[in-house]
Amino acid sequence: MSMPVAYERQDDIAVVTVNNPPVNALSQTVRQGLLDALALAMADDKAKAVVVLGAGRTFIAGADIREFGKPPMAPRLSEVVSAYEDAPKPVIAALHGTALGGGLEFALGCHYRVAVTSAKAGLPEVHLGLIPGAGGTVRTPLLTGAAAAIDMVTTGRQVPAHEAQQTGLLDAVYDTYTPLEAGLQFARKAIDENMPVRRARDVQDKLEADRAKIAELRESRAAIEKTARGQTSPLVGLDAVLATLEMPFEEALKNERTLFEDLLKSDQSKALIHAFFSERQVGKVPELETGKPRDIAKIGVIGGGTMGSGISLAMLNAGIPVTMVERDDDALTAGRGRVEETLQGGIKRGKMTEEKMQHILSDLFSGSTDLADLADADLVIEAVFEDMDVKKDIFARLDKICKPGAVLASNTSYLDINEIAAVTSRPEDVIGLHFFSPANIMRLLEIVVADKTSPDVTATGFALAKRTGKIGVRAGVCDGFVGNRILGRYLKVAQMLVEDGASPYDVDAAVVEFGYPMGPFAMSDMAGLDIGWATRKRKATSRDPRERYSADFIDRVCELGRFGQKTGRGIYIYPDGARRGTPDDEVLAIIDKVRKEKGITARGFSHEEIIERYLAAMINEAVKILDEGIALRPLDIDMVQLAGYAFPRWRGGPMKYADMTGLDTVLASLKKFQEDDDYFWKPAELLVKLVETGQSFDSLNKG
Ligand code: 3HC
Ligand code: NAI
C-alpha cells in the first residue's frame, strides 16, 4: 500500500502529496503524515518552499467523516493546520478537484493557495449539520472578508476557482497546468521573488473594514433562518464568522472549536451524516452485483403531459436524444411546447444558454405520433394516463415494435408493473421508472423491480439515475411503491386529525414547523384536489369496511369546484393567482358541518400531537414496506422521503427519526392510538419484533 502522504524534493521545492483514495479525506494517518512531511521539509536545507497537493481526482475533500463520533485520535486537524501556518518556509497548497471542509481549512493554513481552473473550494460542513472545525470560520473571513465567508459557511456552496480568486481565497489560478505544475510555478516565483510567508491570521485589512459594518452583517440572520427551516448549523456558522470580527484570533479558533464539538454531538448532525452516507449507499443493490447496464443512446418517451415533458427534459439535459410520442398532432404540439417553455424559463433564470437550447431542440429532441418510430430506441419510458388498460395496450404494441434488448419502462404512480409486464413476451425487459414532478428537477427516481425484471435492466435503471443526476432507489411492486404508499398514510392521518378537531391550517403549520416546506393540505391544493377525489371514488367499492373514511370534507370542497391552486380555491384560497394560500372560513364551516353530521365532538390537538400521529403513521407503514421486501433497507425509505417528499434532511428521514426518537416510544404511540382505531393504527409486526429484541433500523441498514 502506498503511503497516505508522500514527501519528495524537486530541485529546491519540497513536494508533499496526499494519497488517500478516493477523496484524500484527512484520516488519522493523513494528518500524521502531513506533520511528518512538514518536519522533513523544514529539516531539508535544500527545500526553500513547500507545495502540498492531492493525488488522484481531487485535493483533500475534508475530514474523514467516518471518524466522527469515534474517540478523537491525535494529531488533531487544527494542530496540523497551525503547524503548516507556523512554518518558516513558504507553503503553497495546489488545489484541483474539490478542496472541501477540512481540506480547504488545511489550505487556509498554508501561506498561498493556487488552483487549476476546474477546481472548486467550499466549506460544506453545514450540510452535515456542522460548521468548519479547523479554522474555516476564522481564516476565511480574514482572507475574503466576512460577506463571502458567511456565504460559504452558511450555504456550503462549492465556489469555482476564478470566483475564489476574486474573493481573495486563492492567490492564483492556472488554466493549463496540472496541479503539480501550478504549485511548482508559484513556489518558484515565491523563491525567486523572496516572497514572505503570509499567514492568514496576519491579514487584517478586511477584518478592519468588516468591523465597521457588523450590524449590517448581522442582518443576514433573518434570511439564513428562513432558508434553514429549523436547521441550526447555518446560524451557528454565521455566529462563528461574526465572532471572528470581535475576538482575537486564538480565541476565535477556540470559540469555533467549541461550537463545532457541540454540533457534532447533536441529533441534527447525526441525521445529516446518515443522509450523506445513505445517499451513497442507496445505489448499492444486489442486482448490480450480477447485472450490467445496457447502453442507452436513444430514448422514447410516450406521453408529453406533465410527466412525459419533464422526463424528456431530464434526459435531454443529460444530453440523451429523446423521441416524444403523443396521441395526435395537437397533443404533440402541446408536449413540445412544455419542453420549450421550460427551456426558455431556464434561459431567463440564467440556467440555460440559448445555444444549448437550440442544440437540444434541433439535435436531441424529436416528436412523433407513431409508436413505430420507437423501433430503434434503447429505452422507452411510458408516461400516459394512469389507466391499466391504456398502459397494457401500449406495452403490447411496444412488444411488437421495439428492438430486442430495449428496456420498457412505465412511470406509473401506483399500477402493478407485473401486470403490465405480462402483456409482453419479454417481461424481463420491463421495469418501473417512477419519476417525480417536476421530473427535470426532482432528484428521486424509484426504480421498481418487478418479479421478472432482469438484473441488467435494473442496473440500467441505476445507471440512468446516475447519468441524469438523480437518486435511484430500488422499490418492489405494490400499490404506490415506497413513496406514494407512505404518502397515502400520512395524508389520511391529516384528514383524520381535521375530522377530529384540528384545522387543516393547524396541521399544515405543525408540519411546516417540523421542517417541511409545506403541509399536506397546501401540497394537495398544489397537486390538485381532483386527483385524490377521483382516486377515492374509484376505490370506494373496494374499500375495507373497517377502514375509517375521513375525506368527506375534502369531497365537499371538491363538489364546489374548488380543486386547489389551479381553480384559485381549494382548502385555501388564492386571491389573484397568489401561490401562497390564505385560510378560508367557508372550508372551516364545511368541516364543522361534517363533524356535526358524523357526531364527532371536536377536540384540540397541539402541534406536538399532530406530529406524533403524522410520523407514527409514516413510520408504521414504512416498517410494513420493509417487512414485505418492497424497500431493501431502512435507508432506502429515508432516501425516498428526503429526495422525493421533502422530509427535512436534518431529521435524517422517518427511519432515522424513529431511531433517534426510540422505537419503543414510536410503538407506545401506535398502541395508544390503536385504542381508538385498531384497523389503522395496528403496529407493524416487525416494529414490535425490533423493540422486543432491542434493535434499531440502523442495525438493519448494516445488515
Ligand atoms: N470522509 C469519508 N468518506 C468520504 C468523504 C469524507 N469526507 N467524502 C467522500 N467520502 C467517500 C464516500 O462515502 C464514497 O464512499 P463509497 O465509495 O464507499 O460509497 C467515496 O468517498 C466517494 O465519494 P462520492 O461518491 O461522493 O464521490 P464524488 O466524486 O461523487 O464526490 C465529493 C466527491 C464532492 C468529495 C463528495 O464525496 C463530498 O461532497 N464529500 C464530502 C465532503 C465534505 O463534506 N467535507 C467536509 C467534511 S467535514 C470536515 O471537514 C470537518 C472539518 O471542518 C473539521
Ligand atoms: P398528463 O395527463 O399530464 O399526461 C398524459 C399524457 O399522455 C397526455 O398528454 C396524453 O395525451 C398522453 N397519452 C395518453 N394516451 C396516450 C397514448 N396512447 N399514446 C401517446 N400518448 C398518450 O398525466 P401525467 O401527470 O403526466 O401522468 C402520466 C403518468 O405519470 C401517469 O401514469 C401518472 O400516474 C404518472 N405520474 C404522475 C405524476 C404527477 O405528479 N403528475 C408523478 C409521477 C408519476
Looking only at region 302-340, and only at residues there that are of a type in the set (Val, Ile, Thr) and within 23 Å of residue 408 (Cβ to Cβ), the one that is farthest from ligand 1 (Cβ to nearest atom): 325
Index of the failed condition, residue 288 passing every other in (1) more than 16 Å from ligand 1 (Cβ to nearest atom); (2) over 11 Å from residue 367 (Cα atoms); (3) part of a helix (DSSP H, G or I); (4) in contact with a Ser or Thr (Cβ under 9 Å, 6 or more places away or on another chain): (1)
Matching strands (runs of 3 or more DSSP E) fully within region 415-476 where at least 1 residues are crowded, with 24+ Cβ neighbours inside 10 Å, within 16 Å of ligand 2 (Cβ to nearest atom) and of a type in the set (D, E, K, R): 444-448
Hey, residue 186 buried (at least 17 other Cβ atoms within 10 Å of the Cβ) and farther than 27 Å from residue 97 by Cα or not: no
Breaking point among (1) touching a residue at least 40 places away in the same chain (Cβ under 8 Å); (2) within 25 Å of residue 7 (Cα to Cα), for residue 124: (2)
Region 60-72 residues that are farther than 16 Å from residue 100 by Cα and among the acidic types (Asp, Glu), paired with ones that are part of a loop (DSSP other than H, G, I, E, B) and within 16 Å of ligand 2 (Cβ to nearest atom) (beta carbon under 6 Å, 6 or more apart): none
Single unsatisfied condition, residue 126 versus (1) β-branched (Val, Ile, Thr); (2) closer than 17 Å to residue 62 by Cα; (3) more than 28 Å from the chain's Cα centre (by Cα): (3)
Residue tally, condition in a helix (DSSP H, G or I) and in contact (Cβ under 8 Å) with a residue 12 or more places away in the chain, over region 679-693: 9
Region 192-204: number of residues that are assigned to a helix (DSSP H, G or I) and within 38 Å of the chain's Cα centre (by Cα): 2
Qualifying residue in region 617-638 (condition: of a type outside the set (Phe, Trp, Tyr), part of a helix (DSSP H, G or I) and without any contact (Cβ under 8 Å) to a residue 24 or more places away in the chain): no
Among residues of region 229-246, those that are assigned to a loop (DSSP other than H, G, I, E, B) and crowded, with 22+ Cβ neighbours inside 10 Å, counted: 1
Filter pass, residue 103 being near ligand 1 (Cβ under 8 Å from one of its atoms) and either within 26 Å of residue 649 (Cα to Cα) or outside any loop (DSSP other than H, G, I, E, B) (or both): yes
Qualifying positions in region 19-67 - more than 22 Å from residue 157 (Cα to Cα), within 16 Å of ligand 1 (Cβ to nearest atom) and in a loop (DSSP other than H, G, I, E, B): 19, 20, 21, 27, 55, 56
Residue within region 132-155 that is part of a helix (DSSP H, G or I) and without any contact (Cβ under 8 Å) to a residue 12 or more places away in the chain present: yes
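Throughout, read-outs are computed from the coordinates displayed, never taken from laboratory work. What you see is a predicted model; the values in this text were computed from it and never measured. Methodologically, a virtual Cβ is constructed for each residue, glycine included, from the backbone with ideal geometry; neighbour enumeration extends over all protein chains shown.
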